[in-house]
Every structure is written in C-alpha cells, then in structure tokens.
Amino acid sequence: MPAVSFQNVSKTYQSARGTFKALDGVSFDIEPGEFFGLLGPNGAGKTTLISILAGLTQPSGGKVTVNGHDVQADYPSARRQLGVVPQELVFDPFFNVRETLRLQSGYFGIRHNDAWIDELLEGLGLADKAQANMRQLSGGMKRRVLVAQALVHRPPVIVLDEPTAGVDVELRQTLWQFVSRLNREGSTVLLTTHYLEEAEALCGRIAMLKQGRVVALEKTSELLRRA
Ligand code: ADP
Ligand code: ADP
C-alpha cells in the first residue's frame, strides 16, 4: 500500500474574475520510506496539493489516501498518519517549549511521550530551550518548535512545505540532518520546494508540477541525467 496516494486530484478556485484550475488531474503515489520531492515554480499548485493532503482544502475532484486512509472520508485517521510542518508560526506565547509540545500531543489524543519530546528537542537543537517561553524565542527557534510540534505524534509520513524559505543556513542543516535521520529510520517524507538543488540533494524521486499538472515524475538520478 502506498504511503500517500493522489488519484486524479483537481482543484478549481472560483473568484470574481471567473474560475481557475489550480490542480488538473494530479495522480501519483509515494511509497513507504521514500524521500519524495514535489518541485515546481511559484503558482504550480504545490501548496494547494499539500493543503488537500492535510485536509485543509477540499479538492474539486479526486481522492487522496494516507496509508490507506481516505483524507475526505476518514479525516481523523488520515491526519494521525501525517506530520505537517506549516509555513506560519502560530503559538500560544504563554507556554514554554516543552509545554507547547505536550499540549500538541493532547490535540492528537495521545499521552505525551517525554522521551520522544526530548529526542525532538535534541535533534532540532532545542535541548537548552525546553523551559523557555515561546514569546522569548527568536524566529528561527520558533520555527524549530514548529517542526517538533508537527512530529510530536510520531507520524509515519512527514510533510514539509517549502520549509527552508527564508531560513538561515544553520537551521537548514539541522532540519535536513534530522529529517534525513527520521527517513533512514523509516519515515516517509514529502518535501515541496522550488529549489532544484535542495530536491536533488535529498529526494530519491521528484515530481515536477507545472500549472496544476504533473509534467515529470522520475528518480532524481534520471532527472539529473537528462537535465
Ligand atoms: P505553489 O505552492 O506551487 O506556489 P499554489 O498552490 O499556492 O502554488 O497556487 C496555485 C495557483 O492557485 C496560483 O495561481 C494561485 O494564485 C492560485 N490560488 C491559490 N489559492 C487560491 C485561492 N484561495 N483562491 C484563488 N486562487 C488561488
Ligand atoms: P518571499 O515572500 O520574498 O519569498 P520568504 O519566502 O523568504 O520571502 O519569506 C519571508 C519570511 O517569511 C522569512 O523571513 C521567513 O521567516 C518567513 N517564511 C515564509 N515562509 C516560510 C517557510 N516555508 N519556512 C520558513 N520561513 C518562512
């Protein structure tokens, strides 16, 4: 069974100026344990596809499953399979880092696992910030907490939407080291980016999205050979 399956997914946005097809019959599967890249220029539809996968946007047509769970028909089951790192920083400023992560466990209806939280803090370079209040953290540190928060329920599928846009080199390195480790340990990773170099370095396969359609899908080595 694929870890993620997009089946003929389409999305049409309605606006005053008419309708706009952001996704047009997108179909592909991501196998368990893959580090998969979704590449495409701005406006290609990457964020729309991720948002549909995360259950935040309704598709106009098609079907998406995560480890066999249908995102539309059984959202709670599908959502538990996913660790989605959002682009926006939204936190309660009155909690410290550890409390923030424990709280997030509660949202998933699981008891917090402090050993795992410690591993997340360690892996993301937050070990000495566990007691720091969210409002005292720099933007970069908050971003690390955002990643930890997305992974607190140990999701088998990790989704990163342009995670390094505007992020400094050190954080980028930490993030890639940690996510690569989780991938080696069995997690499936879906990364969207508009940087080919980033996808090249990390992803085993890459899908190219253009104007809402998959225009190429192949092993990174094949893509590079032809480039
Ligand atoms: P990407 O992440 O690849 O940059 P997006 O999924 O954000 O692409 O956007 C794809 C297209 O859909 C863009 O042309 C964008 O302007 C349009 N779009 C995205 N969200 C909306 C919306 N809520 N309403 C109308 N158009 C939208
Ligand atoms: P632009 O809007 O010019 O493309 P960026 O994508 O670099 O600019 O983002 C501007 C700021 O927003 C950055 O300093 C960063 O903190 C934040 N930001 C926006 N999206 C992301 C993301 N996916 N990951 C990290 N930071 C982001």
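The values are calculated or read from the model by the stated rules, or taken from the named source; none is laboratory data. These numbers come from a predicted model, not from an experiment. Every residue, glycine among them, receives a Cβ derived from its backbone with ideal geometry; neighbour counts consider all protein chains shown.
Side notes on the structure shown:
- Counted residues, segment 97-118 - those being surrounded by 17 or more Cβ atoms within 10 Å (Cβ to Cβ) and either of a type in the set (V, I, T) or under 21 Å from G140 (Cβ atoms) (or both): 6
- Flag if G25 is in a loop (DSSP other than H, G, I, E, B), away from ligand 2 (no atom under 16 Å from the Cβ) and in contact with a strand residue (DSSP E or B) (Cβ under 9 Å, 6 or more places away or on another chain): no
- Some residue of segment 43-61 being more than 16 Å from ligand 1 (Cβ to nearest atom) and over 20 Å from R172 (Cα atoms): no
- Test: Q87 is within 18 Å of the chain's Cα centre (by Cα), surrounded by 17 or more Cβ atoms within 10 Å (Cβ to Cβ), polar (S, T, N, Q) and within 30 Å of K129 (Cα to Cα): no
- From L39, L23, L89, L49, residue being under 30 Å from L137 (Cβ atoms) and not polar (S, T, N, Q): L89
- Residue within segment 90-105 that is within 18 Å of V159 (Cα to Cα), in a helix (DSSP H, G or I), basic (K, R) and free of Cβ contacts under 8 Å to residues at least 40 places away in the same chain present: no
- Qualifying residue in segment 96-112 (condition: within 16 Å of ligand 1 (Cβ to nearest atom) and at pLDDT 95 or above): no
- Once segment 123-139 is narrowed to residues that are without any contact (Cβ under 8 Å) to a residue 12 or more places away in the chain and closer than 23 Å to A165 by Cα, the residue that is nearest to the chain's Cα centre (by Cα) is S138.
Yes/no matrix, rows are residues, columns are (1) within 16 Å of ligand 1 (Cβ to nearest atom); (2) modelled with pLDDT under 95; (3) of a type outside the set (S, T, N, Q):
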| site | (1), (2), (3) |
| --- | --- |
| G123 | no, no, yes |
| A132 | no, no, yes |
| G166 | yes, yes, yes |
| L191 | yes, no, yes |
| C203 | no, no, yes |
| R226 | no, yes, yes |
